[in-house]
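Read the figures in this text as sums done on the coordinates, not as results from a lab. Bear in mind the structure is a predicted one, so any value in this text is a computation, not a measurement. Please note: Cβ atoms are built from the backbone with ideal geometry, for glycine as well, and neighbour counts cover all protein chains shown.
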């Protein structure tokens, strides 16, 4: 643990390479971003340090793969002025407000407004033409009942998916197709070799960047989803976190290390696996991973003693929630300071734990 606030955990291979080379950006070939809605607020200060003090030193391409809010964080990091984009994302995300019982249309409109503020006029081009980052945005294309925008029909479908997933993650494969929107068209370079869900790669283009980002964060029954994205199979697209919540690291076959700033010290493959601890990543699948997250002790010092989540919208009024979320970002400056110390200390592995 770094400064009692930051948990840094590394796999076996990652430990060996960092011990030899230190915190060298070129050791990493992939950076992952997880789904999690407001949980990202504990990472915004870490993202600033990673952007300014670590990733900016990189000269070779880095593949960045995210779903839902993870893809939004990456969109901000890929801007010409990433610090400004992170600040805009904080401001407009924290200050989102809704009527007492918002419709999926209302939530979708507010979400689109947030993304427009992050990207502004030239943000799409910044993502497509970034000198270092190759962006990959994870979505799913619904099949059968979960392709429907009708809330009742989709709800029935989700119930069947949840029941299927409880038995086996593979039983959910007929319901969804993974569609990865990739900056290098064929998705090569991430090191992720998927053997579970049917997976299609679509080229990331000016015509679909915004829609892919919106689809990637379209939580079923909460947002509308996005239909018929350009350069991709026709159909209804939803939150990529449904099947790649924290990403299934069994798929990683790359040579480089995996950089993973995360809000939790563990990794869950799919959204419906949250209560199934037996499906958390473990063993060899973590060998090349560097997982950076707030410590349990630090989280206990945050407002309500937890990482922000979507329940905050119903548990707190707007003013109380906005105040609490800003306080979270302020306190997370301590995480940024700890990360800076880690990157510059003489012993690169001092305070670093092992992933098991």
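The label point for residue 96 and the one for residue 301, both projected 7 Å from the Cα toward the Cβ, are 2.8 nm apart. Over all pairs of different C-alpha atoms, the range 224-356 has a mean inverse distance whose reciprocal, the Kirkwood radius, equals 17.8 Å.
If a/c stays under 1.5 just call it rounded; otherwise compare a/b with b/c (prolate if a/b is bigger, oblate if not). Do that for the range 149-298, with a ≥ b ≥ c from the square roots of the Cα gyration tensor eigenvalues. Oblate. For the range 223-278, with equal point scatterers placed on the C-alpha atoms only and solvent neglected, what are the log10 I(q)/I(0) values from the Debye formula at q = 0.14, 0.28 1/Å, to two decimals? Treating every Cα as an identical point scatterer, log10 I(q)/I(0) equals -0.56, -1.11. For the range 74-204, averaging the sequence separation of C-alpha pairs within contact (under 8 Å, six or more residues apart) and dividing by the residue count gives a relative contact order of 21 percent. Take the range 174-253, compute every pairwise Cα distance, and split them into 5 Å bins from 0; I just need the percent in each bin. With a bin width of 5 Å, the distribution comes to 3, 15, 25, 27, 19, 9, 1. Here the ratio of the Cα radius of gyration of the range 7-67 to 2.2 N^0.38 Å is 1.22. Just so you know, the Cα atoms of the range 150-189 work out to an Rg and Dmax of 14.2, 40 Å.
Debye-formula intensities of the range 1-106, expressed as log10 I(q)/I(0) at q = 0.17 Å⁻¹, are -0.94 (one equal scatterer per alpha-carbon, no solvent). Give the label of the value calculated from the structure for Kirkwood radius over Cα pairs in Å, choosing from (1) 21.3; (2) 20.4; (3) 22.6. Recomputing Kirkwood radius over Cα pairs in Å here gives the entry labelled (2).
Plainly put, the range 58-196 has a radius of gyration that is 1.02 times its Kirkwood radius, both from alpha-carbon atoms, as the Rg/Rh ratio.
In the range 89-170, the convex hull through the Cα atoms has an average projected area of 8.4 nm², a quarter of its surface area. Averaging the sequence gap over all C-alpha pairs within less than 8 Å and six or more residues apart, then dividing by the number of residues, gives the chain a relative contact order of 29 percent.
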